[in-house]
Each structure stands twice: as structure tokens, then as C-alpha cells.
Amino acid sequence: MLHIYNYDYDKLTNYFLSIGQTKFRTRQVFEWLYKMKVKDFSLMTNIKKELREKLNNEFLIDNLELVLRQVSSDGTIKYLFKLNDGNLIETVLMNHDYGYSVCVTSEIGCNMGCAFCASGLKKKKRNLEAFEMTLQVLTVSILENIRVSHVVVMGIGEPFDNYENVLTFLNTINSSYGLEIGQRHLTVSTCGIVPKIYEFANFPLQVNLAISLHAPNNELREEIMPINKVYKIEELFKALKYYYDKTNRRITIEYILLSKVNDSKKHALELANLLKDLNAYVNLIPYNEVKEKPYKRSLKEDTLVFFDTLKKANINVTLRREQGIDIDAACGQLRSKHEQN
Ligand code: SAH
């Protein structure tokens, strides 16, 4: 059986054309799936019965099984979902003043091996299919009866290590006949897989690209992010410059502050120097401590000095507001806890 949520608008249109239907069927099915959020082809009453039956014989309208729903005191909700094959994934819903934002998992486990991250404690088992990412957003919007306005691909996994499926997913949730999440409200976060940054420059949607940098020089970055052994900072920044020149899309630099590791004033100056020719803005992220890892969250005073140093160097910088600290919201923490039990 095929998974209907694996089909973005163009793919579903190709399917309908291939069986002698008009492309208008795509719009109808999309509206039923994503606007009315129905889970049964027989309810799609503006489509002829024979075609509904054919769709029902060929496609699954999948669901995610809710295993756990944890609500934080700040309103952040974390979900543990079970996939068809029994694997567990995490999804997070954040309530911002600008709308509801869903943080999506892109892989089961992760192979990037960042030293501070809980996700890498489990080696990658497989990519998520597009339908499993689309379902995270759709299921949360059904469960909470809300319109999701923003999506960040910042959950477990490396989206550029699952490139095609992530693009299908982005197309699907952006479609105006679907969930209609604006392109500028979509963010993909990568640890810096350079060839994919070049490819992503050709992707037609105006989505935001976030780069997990976390260190301002090769020596330190290599220590905490093994991907830097493959793609050095110079190569990464060359790709980012190309990407920006080609797309004019905003680039965010994510930088987790790890106490006494990457959070000195010297590091901040080095970072400012690195960014001076790139139109990027920096998001400083408070570290969520992970019990299996030695890293600590930066002290308040070090955080402020770091922030001010970037500001004084005319770098656009924000300090990420913390959410869900009481519900194991750091990547991979909920799942790894659950699986030990
Ligand atoms: N693989 C992608 C996306 C998933 S990680 C990437 O590397 O960008 C999403 C972000 O959360 C990354 O910036 C990652 O470095 C950060 N992160 C991982 N573990 C964290 C922790 N314990 N506390 C705070 N941020 C963390």
C-alpha cells in the first residue's frame, strides 16, 4: 500500500494524470486531508464513488499513535508517537506570541554524533518518510484543534541526511490546498552538510536555513561536532555565502553556550569575525544538560558577556527563550528515557 501523506501536490497530480483523472482531483483530496482533516476516503463526497474505492484500495491514510503527551508549565507540549513499525519519535508544540510552532523529528536516531546532544546516543535506524513528518504536524493540529503556523525541522535527526523526504514534507505542508504553512515560517536546521546547502539553494520555497555552528574555529568545532572533520568551517561558510547570494534567504547561526567550552569573550570575538561578511543572525541557545554528557549550561554572566560582545560587533543576536525545560524538551531526552523503561 502507498501512503497518501507521502504525496506532495505535484506527485499526487502526476498520479491522478497517470490514471486518466484531471488534476483538479489533487486539490479535492488535499482539501479533505489537510483542511477537513478526514481520515477516510469514503467521506470525500465530492469525488466519484469508484475513484474513492480505488484510492481506498491503493492508499493508506496513516495515523500516529499517541504514547505520551507532556504539558510543560509554560504551555509547551511534548508528544511521544509510535510509528507503524513500532519506532518511537518525539514532536514538540510551542505556543509563541506569533502562533503555534511544531518541532519535527526527521530521522530515527542520528549519526552526526555531536558530543553534547542526546539524540546521537541512539545511532540512526532509518530516515523518516515524508508522511511520517507530515503526520507529526497534522496530528498535533488535530489533537489540539489548532492551526499550526510555524514548523522547525529541529527535532531528532539531520534533515540534510534525509534530504528528498524533507523537501517533499516541506512542499506538502506549505501547499495552499493543504496545511498552508507559509514558506517563511518554515525552518530547516542542519549541522552543515555542505553539498546539500548548495542543493538547497535551488529549492524554490523561501524557507529559513539554520546552521548549528556551536564553535567559531575548526579545532573546537571538530571536538564537539564530528561533521567538521568532513566539512571545515571555511568550506561551510563558502557554501553559506553561495546560498545567501543565490537566494537572499535569511541564515540563522545557532550557537549553544557550553560552560567554559565555547562561551568565552574570545570565542565571541572569533565568532563575530567569522560572521562579519555574512548576512546572518545568531541565535544563542541555552544548553539543556544531558545526564550522559559532561557539558554544563553557561553561567548567566558568561552568557551576557558573550551576547554583549556580539552586539557590540554589530552582529544581530538573540538569546533563545527557553521552553519546556521541565518536560525533557532537549532533543532525544524523552525518547531515551522512555526506551530505558
Ligand atoms: N541535526 C540538525 C537538527 C537537529 S538538532 C542540526 O544539527 O541542526 C537541533 C538543534 O538543537 C541543533 O542546533 C542542536 O545542536 C541543538 N541541540 C542538541 N542538543 C541540545 C541540548 N541538549 N541543548 C540545547 N540544544 C541542543
Residues of the range 238-260 classified as open to solvent by 20 Å² or more (accessible area, probe 1.4 Å) and assigned to a loop (DSSP other than H, G, I, E, B), total: 4
Test: residue in the range 72-79 that is open to solvent by less than 70 Å² (accessible area, probe 1.4 Å), touching a residue at least 12 places away in the same chain (Cβ under 8 Å) and among the polar types (S, T, N, Q): yes
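Yes or no, residue by residue, for (1) in a strand (DSSP E or B); (2) open to solvent by 10 Å² or more (accessible area, probe 1.4 Å):
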position	(1), (2)
Gly113	no, yes
Cys117	no, yes
Leu138	no, no
Leu143	no, yes
Ile146	no, yes
His150	yes, yes
Selected residue [under 19 Å from the mean Cα position of the chain (by Cα), modelled with pLDDT of 95 or more and at negative phi] from Ile89, Ile61: Ile89
Of all residues in the range 152-167 being in a helix (DSSP H, G or I) and open to solvent by less than 10 Å² (accessible area, probe 1.4 Å), the one that is nearest to the ligand (Cβ to nearest atom): Pro159
Helices (runs of 4 or more DSSP H) wholly inside the range 261-341 that include at least 3 residues being modelled with pLDDT of 95 or more: 265-275, 300-312
Meets criteria (aliphatic (A, V, I, L, M), closer than 30 Å to Thr303 by Cβ, without any contact (Cβ under 8 Å) to a residue 40 or more places away in the chain and open to solvent by less than 10 Å² (accessible area, probe 1.4 Å)) for Val188: yes
Some residue of the range 82-89 being part of a strand (DSSP E or B) and in contact (Cβ under 8 Å) with a residue 40 or more places away in the chain: yes
Options Asn218, Asn202, Asn208, Asn174; residue that is within 16 Å of the ligand (Cβ to nearest atom), of a type outside the set (Phe, Trp, Tyr) and open to solvent by 10 Å² or more (accessible area, probe 1.4 Å): Asn208
Meets criteria (more than 22 Å from Lys122 (Cα to Cα) and buried (at least 18 other Cβ atoms within 10 Å of the Cβ)) for Ser101: yes
Residues of the range 27-52 that turn out to be part of a helix (DSSP H, G or I) and either in contact (Cβ under 8 Å) with a residue 24 or more places away in the chain or farther than 17 Å from Thr13 by Cβ (or both), as a count: 14
Unmet requirement for Leu138, which otherwise passes all of (1) away from the ligand (no atom under 14 Å from the Cβ); (2) at pLDDT below 95: (2)
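The values are calculated or read from the model by the stated rules, or taken from the named source; none is laboratory data. Values in this document were obtained by computation on a predicted structure and should not be read as measured data. A quick note on method: Cβ atoms are made from the backbone with ideal geometry, for glycine too, and the neighbour counts reach across all protein chains shown. For accessibility, only protein heavy atoms count, side chains too; no ligands or nucleic acids. Shrake-Rupley method; radii C 1.70, N 1.55, O 1.52, S 1.80 Å.
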